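The values are calculated or read from the model by the stated rules, or taken from the named source; none is laboratory data. The structure displayed is predicted, hence computed values, not measured ones. Reconstructed Cβ throughout: ideal geometry from the backbone, glycine too, with neighbour counts over all protein chains shown.
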């Protein structure tokens, strides 16, 4: 019964994963006694299997859970050996028969057999950690009909889980993984550092520095995500030099699990504490809302005074090709614009930096991971670069973000801000060019230009200005402002940093879509219209000067000979007629192309407004249409 062979019974062990054990009975033994002995063999076999398991799993490489499980089994074996010693004492006194031995072994036999079943499965699969706990729990549920065995297996599961719960306790209370044998269901990738958040587009640090592994204990499966997040929050605070621990309270120790689910309450309390502490740290000490407001001022053009000044002083540099633009010079000009405008009062303006891309906005969108599929699905692969692009098309602003704000303002989020800025900035540039053209027209108002090319050009300039102003109004007041206030209100009621990230990302994605940056067909039409506006603004000076010459021809100084004067007038009439036709044709060409593109844009807005309701607002601003659904 304790693994010691006798004269009539021998032990045979079959080596292998299961280490199966059989007993050989001396055939000369009385058959009745043989049958009685065979009834007790399962108990003896269970003892030997359990004892072997305890010896093998007590080694240091077996893991803390196996160590704790072995310690509980060792205590059980001590009780078993005490029972055997008492039976042996009764036998020596002549008071114990085989029938009596069978009777006294009955209570222990079922428990030992239940344990041996678990041990055999654990040995065959060589499991450790949470797999041992799951095996004990599943076997306890399978033995629901035998209350004694079920309770014994549950007790073993609780004893084995004590070491595991100690690891869990350090994680949810301190944010530390104290897991020397790799048994915990949370893995740490130490190669990912917090500094990577400012360069890594995918923000792997936040998502992959700590991650869930396979083999989560069944009693923690429903709360594994909360456990992971709790420790992550505590780690962020420790990385900030803000050492914090969940304050201990009465009955807060996570020593074991049970049917009262007290451990779940402790974990939820730890999560609420860590979440609140980190959120307050980022909001108060690092002023998250202030940073977001500052980024809105500059990258979403909420405050335009610095931008106007910057565009004035950086005009020549931005007019160069992207490869020729000096980023250092632009940075110094930007700093000058910030210091000499209202932006100087912003304590966060020093984080603003200049960036000059090497590709157009459409091409940049095509390489942006989240948008690439959308562009390909549009059915239009016309993403060729414009014939000639300048710094005005590729200029952008960026913002230096440090830990822990980089959790929210990650590289991915900043790229989305930059895409919005580039679109808004170029719209502002088009608006400035058209305003310059309009000023040229206003300068010749004194001339009687009614019915001339100048008059027609003036009307076209007004139409283009209305288009770009309406587009800017839609982008800023119909999209960015309302979505910003919606996000801001949600941030005030957010309960965790993950909610903050979710609301912020939703704001950016919604702005990108409603600003047409995720709708390539519409975006290309708008870009084409903007290009026409720039071409027209560039040609305005020639159109106006040509028209003025037609109305104010310079007569020859020497008019003594009437014949020469008559010839001169005849030549001027012919020249005037030819130039007037050329100027008028140019204006009509601009007007026709612009109106055609605008009408085409209206048709696309009409066809897409049902799927994308916000497009009806854009149509109303651009085309003055009240009901897009009824047709444009």
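Here are some notes:
- Here residue 442 fulfils each of the conditions (1) in contact (Cβ under 8 Å) with a residue 60 or more places away in the chain; (2) surrounded by fewer than 22 Cβ atoms within 10 Å (Cβ to Cβ) apart from (1).
- Residue in region 177-187 that is within 30 Å of residue 399 (Cα to Cα), in a strand (DSSP E or B), touching a strand residue (DSSP E or B) at 6+ places or on another chain (Cβ under 6 Å) and at pLDDT 85 or above present: no
- Lone qualifier among 472, 516, 529, 534 - being in contact with a helix residue (DSSP H, G or I) (Cβ under 7 Å, 6 or more places away or on another chain), modelled with pLDDT of 85 or more and at positive phi: 516
Residue-by-condition table, conditions (1) outside the structural domain of residue 497 (by TED's automatic domain parsing); (2) within 31 Å of the chain's Cα centre (by Cα); (3) in contact (Cβ under 8 Å) with a residue 40 or more places away in the chain:
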position	(1), (2), (3)
277	yes, yes, yes
280	yes, yes, no
301	no, yes, yes
309	no, no, no
312	no, no, no
329	no, no, no
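- Residue 370 assigned to a helix (DSSP H, G or I), farther than 19 Å from residue 527 by Cα and either at pLDDT 90 or above or not assigned by TED's automatic domain parsing to the domain that holds residue 426 (or both): no
- For residue 100: the one exception among (1) assigned to a helix (DSSP H, G or I); (2) crowded, with 20+ Cβ neighbours inside 10 Å: (2)
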